[in-house]
Amino acid sequence: MTRTITTRRAALAGLFTAALLASAAPLPAAADTDATWTPAASERLIKLPGNYLKKAIDNDFAKSGLAVALNDNRNLIGLKTQTLKDLQSAIEQADGDLRTELRHQFLAEKRAYLELTARQHDLRRRQAKTKIRVYERLLQKMGRRQAGMTPQKVALIAKQDEARQRFEGSLASVDTKLFRSTMTAESRYAREYAKNVTAIEALTRAIQEHPMNAQTEIDGMAVTKEDYLRQLIGENEAELALVQQEETVLGFMAKLVSLDALALSDDLAGGDADDDVARDGQDNPTAVTSAVDLFVTR
Amino acid sequence: MKTLKTALVAAALVTAAALPARAGTIENLERERAILLETLLAADMVPQDRNTKVAVSKGRLIDLERMVIRDKSLAGRNTPHVRAAFESYDLTFLVHAATEKNLTLLDHWLEEVGVSTQSLMNARVGRR
């Protein structure tokens with residue numbers, strides 16, 4: 001009788017292990033048709049100051065299906081991590097068949113966690129790639145706009161600047177000489193212009209002092225919009241590299257799950273199970289490294 | 001049929017005439033400057049009339065020159081008109097440049113177009 005039960009348990013464990021092994025190694029991300037984000041590198045974006053540009057893109061992303069999917073998946077990972085912790089503590093206190101059942105459950109939940117994390121990586125990669133594509137298009141457009149400056153046009157702008165400087169430089173003395181005589185009175189245009197200039201100066205000062213109008217900075221140093229865009233591209237490239245590294249962690253976790261499954265099968269066949277070693281949680285419950293402890297223990 | 005064609009042509013002409021032909025700041029400045037130079041060079045004008053007309057033109061030119069230099073739509077507009085206008089500051093902004101140099105309008109203009117006392121003294125009467 002005992003032999004029959006042991007054989008049945010071993011067969012069940014074998015089936016379960018086979019299922020886990022089949023699914024644990026490569027974890028394809030779920031096809032998310034709604035999790036999309038298609039921002040456009042419009043002229044409006046190019047005209048925005050650097051920090052507004054980033055905010056506009058972030059706001060656009062926040063409204064996208066990709067952002068919703070990322071948030072939902074992050075919440076699911078948080079819940080899954082909690083489930084794993086609960087199961088781990090339950091295994092410590094259980095024994096006999098219940099312990100075996102809980103260990104099966106623990107392995108199944110680990111597999112589900114890996115699937116969710118793989119999906120999270122896929123979504124994060126999509127987000128970073130889309131951002132890089134938008135920033136690169138913006139950089140290209142800015143380059144094209146500057147390339148549109150022919151030597152003739154550059155010379156004209158230089159002449160215009162020179163004329164404006166000379167004009168502004170001599171304006172005060174010219175005004176004194178022109179309006180000294182009673183023959184030449186100030187025109188309505190001159191009076192209204194002076195009034196408007198005062199108003200414009202007050203508004204410009206207010207804009208310059210506005211906290212939301214701060215110039216784009218990297219490490220406290222003011223930078224051009226092109227530099228800022230390159231910095232944003234670099235940050236997203238770093239995000240992609242991190243996702244790639246985390247995928248390696250995920251691969252190792254998958255390997256451990258399959259080894260755990262083999263060990264469980266072996267234990268059931270042998271009738272003995274090793275004691276689990278419990279460890280306490282991490283700072284960020286959704287970070288893939290916070291779940292490592294759940295995988296290094298059986 | 002002929003009547004209809006005539007009517008259509010007439011209607012087109014009336015419509016074209018009714019549309020306002022808006023000149024830019026540079027065109028307005030050039031027109032006013034041409035009138036001023038014509039007044040300055042007019043041989044058949046008594047000095048008093050000339051002074052009155054020049055004073056009126058000068059007043060208008062002061063404003064027009066300021067409008068041109070402050071016209072943001074001209075920045076980088078690479079047309080022959082705009083290029084020519086900024087090629088020579090002293091001729092385009094005639095009133096401001098003359099005042100800046102403490103010269104009368106006519107003296108300044110003659111100097112800019114290359115007519116000086118010296119060149120006139122060196123000139124000879126001859127047959128072309």
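Summary of packing: across the peptides B:69-79, A:48-58, the per-residue average of other C-beta atoms within 10 Å ranks them, highest first, as A:48-58, B:69-79. Ranked for footprinting exposure by Cβ neighbours inside 10 Å, fewest first, B:Val115, A:Val134 give B:Val115, A:Val134. Per residue of A:155-167, other chain Cβ atoms within 10 Å of the residue Cβ number 6 on average. Here the Karplus relation 6.51 cos²θ - 1.76 cosθ + 1.60, evaluated at θ = phi - 60°, turns the backbone of segment A:34-39 into coupling constants of 7, 7, 10, 8, 10, x Hz, with x for every Gly and Pro.
The charge dipole of segment B:22-122, taken about its Cα centre with unit charges on the Cβ atoms of Lys, Arg (+1), Asp and Glu (-1) only, comes to about 420 debye.
Here the Karplus curve 6.51 cos²θ - 1.76 cosθ + 1.60, taken at θ = phi - 60°, turns the phi angles of segment A:198-206 into couplings of 4, 5, 5, 4, 4, 5, 4, 4, 4 Hz, with x standing for Gly and Pro.
Of the peptides A:68-77, B:35-44, the ranking by mean beta-carbon count within 10 Å, highest at the top, reads A:68-77, B:35-44. For segment A:231-239, putting each phi into the Karplus relation 6.51 cos²θ - 1.76 cosθ + 1.60 with θ = phi - 60° gives couplings of 4, 5, 4, x, 4, 6, 5, 4, 4 Hz, in residue order, rounded to whole numbers and with x for Gly and Pro. Ranked by how many other Cβ atoms sit within 10 Å of their own Cβ, fewest first, the residues A:Arg99, B:Arg127 fall in the order B:Arg127, A:Arg99.
Holding the Cα-Cα limit at 21 Å, pick out from A:Lys54/A:Lys225; A:Lys195/B:Lys101; A:Lys153/A:Lys225; A:Lys54/A:Lys141 the pairs that are longer than that. In this structure, A:Lys195/B:Lys101; A:Lys153/A:Lys225 lie more than 21 Å apart at Cα.
Qualifying chymotrypsin sites (Phe, Trp or Tyr not before Pro) in segment A:82-182, where qualification requires a DSSP coil assignment and no more than 13 other C-beta atoms within 10 Å, are lacking entirely.
Just need the relative contact order of segment B:22-122 here, percent rounded to a whole number, with Cα pairs under 8 Å and 6+ apart.
25
Where a number appears in this text, it was derived from the coordinates with a stated rule and is not lab data. All figures in this text were calculated on a predicted structure; none of them were measured in a lab. Quick reminder, even Gly has a Cβ in these numbers, built from the backbone with ideal geometry, and neighbours come from all protein chains shown.
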